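Structure record follows, encoded as structure tokens.
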Amino acid sequence: MKDILVLRNLEQIKAISHEYRIMIIDAFNNEPCTAKNISDKVKQPHAKVNYHIKTLVKVGILELIEEHIKLGIVEKYYAPVAKSFVIDSSVMNTKDKAVAESIKEMDLALFDKISKEFYCSMEEKDSDHSNKLFFESEFHLTNEESRDLHGKITKLINGFIEEKSE
């Protein structure tokens, strides 16, 4: 397994820009699994998981590792081809609307995933374990967008600090 796979084509970007597929990739947890294993982990129908796994294999994000025959049934073990996936920066600067839309969808899917993890961790505040949230992305902003984002973050942090001081 590679450490990083650089995504350079639209099919790969579209495939990974789906929130459900990101959940499937995360469910592997750096070990080979069958579609059945993944469907059990994500509590989703086997057929739906299998469909998305085949899509990810087709574009080279997952790969078939091995097959076992167990009681006449072929068990196929898959794994991600890399630990992390990054979109090539030259692709991000494209004027192609389809690529830009796919990147936007991927960012939204990642944001939704992170939001859900955050809210779930807040609901489980009585638990003794720590929660890890990780997200890394590179964005290019104009000066105006940068000032606007800075203002929003400052306002959010000040509101949080104000609530804590009360």
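The numbers here are math on the coordinates, done by the rules we state, and not lab data. Treat the numbers as computed from the prediction; the structure is a model and nothing was measured.
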Extended-chain gain in nm, criterion 0.36 nm per residue less alpha-carbon gap, His150 and Asp107 | 13.6 nm
How large are Rg and Dmax for the stretch 33-76 when only the alpha carbon atoms are used, in Å?
-> 10.7, 31
Among rounded, prolate and oblate, which fits the stretch 1-119 when a ≥ b ≥ c are the square roots of the eigenvalues of its C-alpha gyration tensor, a/c under 1.5 means rounded, and a/b larger than b/c means prolate?
-> prolate
Past 18 Å, Cα to Cα, is the threshold; run Lys58/Lys95; Lys14/Lys95; Lys104/Lys152; Lys36/Lys70 against it and keep the listed order.
-> Lys58/Lys95; Lys104/Lys152
